Amino acid sequence: VDLDFIRGHAKGILEASPISYLKAAHPKGMLFQENCNNGVVSSVFTEFYVDHAKPLAVLEQYKLKGQWCLGELLDGHEFLAIFPIAPVSPITPMGQINY
């Protein structure tokens, strides 16, 4: 997970989202806030208060192995992970493919 990529693109991606609660959301955690000491690295406050008990129990196993870098998940937040992808090329019609 490229934390620098997340830091550099989160704000623009959230602002461009067609989903209203994401468009208005602010990234939270050490990547985005100075003096953040609550263990959060990358999350977004969605105001969705759901029971994360089961997924967080599984996540704890990854944390014990040192395989988790997004930090803690606070109530009302969701992890924010953004990954670079290769540009998608336009589809070439079958009749125009040179064999």
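The values are calculated or read from the model by the stated rules, or taken from the named source; none is laboratory data. All values reported here derive from a predicted model rather than from experimental measurement. Accessible surface areas use protein heavy atoms only, side chains included; no ligands, DNA or RNA. Shrake-Rupley method; radii C 1.70, N 1.55, O 1.52, S 1.80 Å.
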Legend entry - Equivalent-ellipsoid semi-axes of the chain, from the Cα gyration tensor, Å, largest first: 32, 18, 15
Legend entry - Whole-percent carbon and sulfur share, accessible surface of the chain, 1.4 Å: 58
Inset, instruction - Calculate for the chain the 222 nm mean residue ellipticity that helices alone would give, adding -39,500 (n - 2.57) per DSSP H run of length 4 or more and normalising by residue count, nearest 500 deg cm²/dmol. - result: -9000 deg cm²/dmol
Inset, instruction - Give the accessible surface of the chain per residue, rounded to a whole number of Å², with probe radius 1.4 Å and ligands, DNA and RNA excluded. - result: 75
